[in-house]
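Here is the structure we will look at, set down as structure tokens.
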Amino acid sequence: MDIHDLLRTSENLTGLSSKCHFNSFAVVWKIGGFCRLDRAEPTNHVHFHNCWEGHIVLDGYGFLKDENGTHPLTPGSLLVTAPRIQHELLIQDGQSLSLLWFMFDIQPEETADREKGSESRMITRFLENHQAVNQNSTEVLSYLSFINEYTDRTGRTDSWIIRIVQEMLLFFLEKLSCSPAVDQKPENKPEKVFRKIHKLISSDMGRKYSVPELAEACGMSPRSLQYLFRRTLKITLTEYIAEIKANHAARALLRGVRVQHAGEIIGIPDPAQFSRFFKKFFGTPPVKYRQRSLEHLNFFSTTFEETGYRKFV
């Protein structure tokens, strides 16, 4: 199946969407269509989505860049980026990169029994621990080849095509899933992980920790650590660290520390940047916050500051 046939298949699938139920989960998906990067447009620029984004490399060579590093891409590669994770696709050495991209969202089915269904167990493994790229998945192109032959023969896109795309999506998730065993240690219970990270950040507020660095300290993979925060606290690890630093800066201001020095303490020496950062959390610039300190003393949670565990409903 050459690139022209793959392009034709992508065009036939563009805009196709459905919702599939797998006992414990419902998966909503939509095919975005064909994407091509070349010398004229070598990157799709740094961006993020509020849902999962998947790609299948149809042809060419390039890279996926995310907060965990740079991942090489080859024909047949599968790649996925989690919600709200910044990433970028780039070509390699002036070549081109052709992809089929799609979006999906995984929603829990509240009344389902999570122990039933191989698909549900596989999706659970994917959510708990997955890799960004799998380069050894050229067999995924067989799904696209079948779709191409079917649409050529029948001239339509119907429920059979949706069924095949559904199977292709399950194959996609399975290939990107990792064994979760490394992250099932007792010491990796959420509250212990939160305390450990809170202690690390608090020990050197001016330092910029990377996600892989914190994950290694917790004995987890970077993606498992990020998933733990999104699942449990409903925020990203980056947002959690920012909250710790914002609270620390606020306490410094209440002790009479100058605004610029408070920013320097948490690694933001530029006053304007610190003011924007601070206002994002407290709704007011740091100078006004200190002036109205008595109104805000109840903002801080002793439990959060002592344990690093955000209280939530």
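For residues in the range 103-133 being assigned to a strand (DSSP E or B) and closer than 12 Å to LEU173 by Cβ, which is modelled with the lowest pLDDT?
Of all residues in the range 103-133, those assigned to a strand (DSSP E or B) come to 103-108, 130, 133.
With the extra rule that they be closer than 12 Å to LEU173 by Cβ, the set shrinks to 104, 106, 130.
On the way: PHE104: 95, ILE106: 92, HIS130: 89.
The extreme case among them is HIS130.
When the residues of the range 44-77 are filtered to those that are polar (S, T, N, Q) and over 28 Å from ILE235 (Cα atoms), which remaining residue is surrounded by the fewest Cβ atoms within 10 Å (Cβ to Cβ)? Break it down into steps so the answer makes sense when it comes.
First, pick out the residues of the range 44-77 that are polar (S, T, N, Q): 44, 50, 68, 70, 74, 77.
Right, trim to over 28 Å from ILE235 (Cα atoms) and you get 74, 77.
Values: THR74: 16, SER77: 24.
Filtering first and then ranking leaves THR74.
Please tell me if LEU37 is over 24 Å from VAL211 (Cβ atoms) and touching a Leu at 6+ places or on another chain (Cβ under 6 Å). Talk me through it step by step, then tell me what you get.
Values: over 24 Å from VAL211 (Cβ atoms): yes; touching a Leu at 6+ places or on another chain (Cβ under 6 Å): yes.
Answer is yes for this residue.
Suppose the filter is out of contact with any Gly (no Cβ under 9 Å at 6 or more places or on another chain), surrounded by 16 or more Cβ atoms within 10 Å (Cβ to Cβ) and at pLDDT below 95; does ASP93 pass it? Outline the logic, then answer.
On the way: out of contact with any Gly (no Cβ under 9 Å at 6 or more places or on another chain): yes; surrounded by 16 or more Cβ atoms within 10 Å (Cβ to Cβ): no; at pLDDT below 95: yes.
No; evaluated as a whole, the condition is false for this residue.
List, please: which pairs have Cβ atoms under 7 Å, are six or more places apart or on different chains, and start with a residue in the range 67-82 that is on the phi > 0 side of the Ramachandran plot and assigned by TED's automatic domain parsing to the domain that holds ARG36 and end with one that is modelled with pLDDT under 90 and not aliphatic (A, V, I, L, M)?
Note: pairs meeting the criteria are GLY76/SER137; GLY76/THR138.
Of all the strands (runs of 3 or more DSSP E) wholly in the range 1-81, which have at least 2 residues that are under 24 Å from PRO108 (Cα atoms)? Steps first, please.
Working: elements: 17-22, 25-37, 52-60, 62-66, 69-73, 78-81.
Qualifying strands (runs of 3 or more DSSP E): 17-22, 25-37, 52-60, 78-81.
Can you pull out the residues in the range 148-161 that are at pLDDT below 80 and part of a helix (DSSP H, G or I)? Can you show your working first?
Narrowing the range 148-161 to residues at pLDDT below 80: 148-160.
Once the filter is applied, which keeps residues that are at pLDDT below 80 and part of a helix (DSSP H, G or I), the range 148-161 yields ASN148, GLU149, TYR150, THR151, ASP152, ARG153, THR154, SER159, TRP160.
How many residues does the range 196-232 hold that are within 19 Å of the chain's Cα centre (by Cα) and more than 22 Å from ASP66 (Cα to Cα)?
1
The values are calculated or read from the model by the stated rules, or taken from the named source; none is laboratory data. Everything numeric in this text was worked out from a predicted model, so none of it was measured. Here Cβ is always computed from backbone atoms with ideal geometry, including for glycine, and neighbour counts include all displayed protein chains.
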